[in-house]
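Data first, discussion second: the structure below is written as structure tokens.
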Amino acid sequence: MAPSIEGCAAVRAHLLSKTFGAQFALRNVDLEIQAGEFVTIFGPNGAGKTTLIRILSTLSKATSGDVIVEGQALGKDSDAIRRKIGVIGHQTFLYENLTAEENLKFYARLYRVQNSSDKITELLHDVGLETRRKDQVRTFSRGMQQRLSIARSLLHDPTLLLLDEPYTGLDQHASEMLTSWLTRLRERRQTTLMVTHDLERGVDLADRIAILVRGQVVFNDLRSSVDRSTFRQVYYDLVEKHNRQR
């Protein structure tokens, strides 16, 4: 594995595999995410990126292999692990007929967040939705819903944040606001794993970059070791090379 930046692993996956019938979605994946590290995983459609996020978020079970999240083995205490994880995806997991505030109050009760009122106010301010707290989510743009989804995912102070294609469906303005917020999280040293097709934004946000092709990690290195100007070609070359090995 590539060298770490913090020395304390928040996530360790070893020989992780997932099959659907005879088809491998993940094949012997080794991955380590250090505490405070922002890792971006790139890959084409069908590479296994969403499957990996689903396994790490306890929404799916691996066929084989081991995963340790925050010192706990995945599958042995899923409830405890879920309380440590925040998930942001192209699905917002928001209730459209509830207001922004009501959505966050619902998730605060679900996660047993104590004295949640101040926390909700703080998060709504941070994502720029404080003046819309009493408005129903169905009146929000896609970008506003995604920002509220960020607030939802951070409500219980997760130690690990998982992002599954968070830029999907966002216009340019909403994408820029999301990037600004993710940059703030990176500066706060929030441990984060993002899977995305967005090469430029994914590279710029990352401390570490990996590429997943046909369920296998084919590249894993520190962002500081990557030449941004040539990474797009490196990515396409690796995807083509490993797709030819069918």
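Name the residue that is farthest from Tyr167 (Cα to Cα), counting only residues in the range 56-104 that are of a type in the set (Asp, Glu) and at pLDDT 90 or above.
Top of the filtered list is Asp66.
For the subset of the range 79-114 comprising residues that are among the small types (Gly, Ala, Ser), surrounded by 15 or more Cβ atoms within 10 Å (Cβ to Cβ) and within 19 Å of the chain's Cα centre (by Cα), which member is farthest from Arg138 (Cα to Cα)?
Step by step, filter the range 79-114, then rank; the result is Gly86.
Which of the residues belonging to the range 17-74 are touching a Ser or Thr at 6+ places or on another chain (Cβ under 8 Å) and farther than 26 Å from Asp198 by Cα?
Thr19, Ala62, Thr63, Ser64, Gly65, Glu70, Leu74
Failed condition for Phe106, given (1) more than 21 Å from Gly36 (Cβ to Cβ); (2) in contact (Cβ under 8 Å) with a residue 40 or more places away in the chain, with all others met?
Condition (2) is where Phe106 drops out.
Does the range 165-185 hold any residues that are over 19 Å from Ser141 (Cβ atoms) and either modelled with pLDDT of 90 or more or aliphatic (A, V, I, L, M) (or both), and which are they? Lay out the reasoning, then the answer.
Just the residues of the range 165-185 that are over 19 Å from Ser141 (Cβ atoms), to begin with: 183-185.
Residues satisfying the conditions are Thr183, Leu185.
Among the candidates Lys119, Lys61, single out the residue that is within 23 Å of Gln216 (Cβ to Cβ) and basic (Lys, Arg).
Result of the check over Lys119, Lys61: Lys61.
Residues in the range 131-151 that are at pLDDT 95 or above and surrounded by 13 or more Cβ atoms within 10 Å (Cβ to Cβ): how many?
6
Mind listing just one residue for me: the one in the range 20-43 that is touching a strand residue (DSSP E or B) at 6+ places or on another chain (Cβ under 7 Å) and either among the polar types (S, T, N, Q) or assigned to a loop (DSSP other than H, G, I, E, B) (or both) and, of those, surrounded by the most Cβ atoms within 10 Å (Cβ to Cβ)?
Here the answer is Gly43.
Given (1) modelled with pLDDT under 90; (2) in a strand (DSSP E or B), where does Leu162 come up short, assuming only one miss?
(1)
I'd like the full set of residues that are in contact with a Lys or Arg (Cβ under 6 Å, 6 or more places away or on another chain), within 27 Å of Glu70 (Cβ to Cβ) and part of a loop (DSSP other than H, G, I, E, B), limited to the range 165-211.
Ala206, Asp207
Looking at this structure, is Val239 within 18 Å of Ile33 (Cβ to Cβ) and either in a loop (DSSP other than H, G, I, E, B) or not charged (D, E, K, R) (or both)? Steps first, please.
Working: within 18 Å of Ile33 (Cβ to Cβ): no; either in a loop (DSSP other than H, G, I, E, B) or not charged (D, E, K, R) (or both): yes.
Answer is no for this residue.
If the requirement is being in contact with a Leu (Cβ under 7 Å, 6 or more places away or on another chain), in contact (Cβ under 8 Å) with a residue 24 or more places away in the chain and surrounded by fewer than 19 Cβ atoms within 10 Å (Cβ to Cβ), which of these qualifies: Arg232, Arg228, Arg208, Arg189?
Being in contact with a Leu (Cβ under 7 Å, 6 or more places away or on another chain), in contact (Cβ under 8 Å) with a residue 24 or more places away in the chain and surrounded by fewer than 19 Cβ atoms within 10 Å (Cβ to Cβ) holds for just one of Arg232, Arg228, Arg208, Arg189, which is Arg232.
State yes or no: is Ser117 more than 27 Å from Gln145 (Cβ to Cβ), exposed (fewer than 14 other Cβ atoms within 10 Å of the Cβ) and more than 21 Å from the chain's Cα centre (by Cα)?
Against the criterion (more than 27 Å from Gln145 (Cβ to Cβ), exposed (fewer than 14 other Cβ atoms within 10 Å of the Cβ) and more than 21 Å from the chain's Cα centre (by Cα)), Ser117 does not qualify.
Determine, yes or no, whether Gln91 is polar (S, T, N, Q), without any contact (Cβ under 8 Å) to a residue 12 or more places away in the chain and within 30 Å of His14 (Cα to Cα).
Details: polar (S, T, N, Q): yes; without any contact (Cβ under 8 Å) to a residue 12 or more places away in the chain: yes; within 30 Å of His14 (Cα to Cα): yes.
For Gln91, the condition - polar (S, T, N, Q), without any contact (Cβ under 8 Å) to a residue 12 or more places away in the chain and within 30 Å of His14 (Cα to Cα) - is met.
Out of Lys18, Lys49, I need the residue that is within 29 Å of Gly169 (Cα to Cα), among the charged types (D, E, K, R), touching a helix residue (DSSP H, G or I) at 6+ places or on another chain (Cβ under 6 Å) and in contact (Cβ under 8 Å) with a residue 60 or more places away in the chain. Which one?
Unique residue meeting the criteria: Lys18.
The values are calculated or read from the model by the stated rules, or taken from the named source; none is laboratory data. Just so it is clear, the structure is predicted and the values come from calculations on it, not from any experiment. All Cβ positions, even for glycine, are placed from backbone atoms using ideal geometry, and neighbour counts span all protein chains on display.
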